[in-house]
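Remarks on the structure that follows.
The values are calculated or read from the model by the stated rules, or taken from the named source; none is laboratory data. Values in this document were obtained by computation on a predicted structure and should not be read as measured data. Reconstructed Cβ throughout: ideal geometry from the backbone, glycine too, with neighbour counts over all protein chains shown. Areas reflect the complete protein model, heavy atoms only, side chains present, ligands, DNA and RNA absent. Shrake-Rupley method; radii C 1.70, N 1.55, O 1.52, S 1.80 Å.
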Amino acid sequence: MNKSIITIVGFATMMFCFQTAIAQEFKGLDKSPMDATAFPSSYKESNKLVKVTYSRPQLNGRSLADLAPNGKVWRTGANEAAEITFYVDMKLGNKTVKAGTYILYTIPGDKEWTVIINKDINVWGSYSYDESKDVARTTVPLKEGKESLEAFSMAFEEATDGVHLHLGWGTMRLAVPFKK
């Protein structure tokens, strides 16, 4: 009888330990969830020209100027710096950007923002930004939207000579022209 109890207790302990060993702890939702936008935007179209992967910070009562200060390089989102992948060669300003994956940085301003394509990848924030690795940069006029966006957002729109990447947060709106 004693041997049976020991066997049962041993078996129960082993099962408990086994269950604990395979249990996975999952984190809750990120406060700045990762998102992606691509062109063409239809999921039915697999032949993309460009795609951006970024995290979407929320204003949560804070000002855009505090989260993306004027005159300072910004990661264009939250967490990791935004990555932009070109599947074909495209132009930003007067510079050709070869097909590949890059970081999309911005420098906010009062009337215009500077948009930067940088060849670093796998970068957290903009702390290690290195201007010598810039591939292209241009300035884009700042516009004001009628509605305020709580979450930072990006979306592509077809243009006659390529695509425009729209950025919006609060009432800030930008349209970044990429040409084929």
Task: Average accessible area per residue (Å²) across segment 11-148 - probe 1.4 Å, nucleic acids and ligands excluded - done: 64
Task: Solvent-accessible surface (1.4 angstrom probe) belonging to ILE107, in square angstrom, nearest 10 - done: 30
Open item on the list: Accessible area of the chain with a 1.4 Å probe: how many percent of it is carbon plus sulfur?
Closed with: 54
Task: Within the chain, helix-based [θ] at 222 nm, where runs of 4 or more DSSP H residues each add -39,500 (n - 2.57), nearest 500 - done: -4500 deg cm²/dmol
Task: On Cα atoms only, tilt of 2-22 relative to the major axis of the chain in degrees - done: 0
Task: ³J(HN,Hα), Karplus 6.51/-1.76/1.60, whole Hz, each residue of segment 169-179, x for Gly, Pro - done: 6, x, 9, 6, 9, 9, 10, 8, x, 10, 10
Task: Computed Rg/Rh of the chain, alpha carbon atoms with Kirkwood Rh - done: 1.25
Task: 10 Å Cβ shell holding at most 12 others, DSSP loop, chymotrypsin sites (Phe, Trp or Tyr not before Pro): longest site-free stretch of the chain - done: 44-126
Open item on the list: I need the phi-derived Karplus couplings for segment 44-60: 6.51 cos²θ - 1.76 cosθ + 1.60, θ = phi - 60°, integer Hz, Gly and Pro marked x.
Closed with: 6, 9, 8, 8, 7, 8, 7, 9, 10, 10, 8, 9, 10, x, 10, 5, 6
Task: Cut-off 11 Å, label 7 Å out along Cα→Cβ of SER148, residues of segment 49-64 by amide N - done: 59-64
Task: Distance in nm between pseudo-label sites at THR139 and ASP30 (7 Å out along the Cβ direction from Cα) - done: 3.2
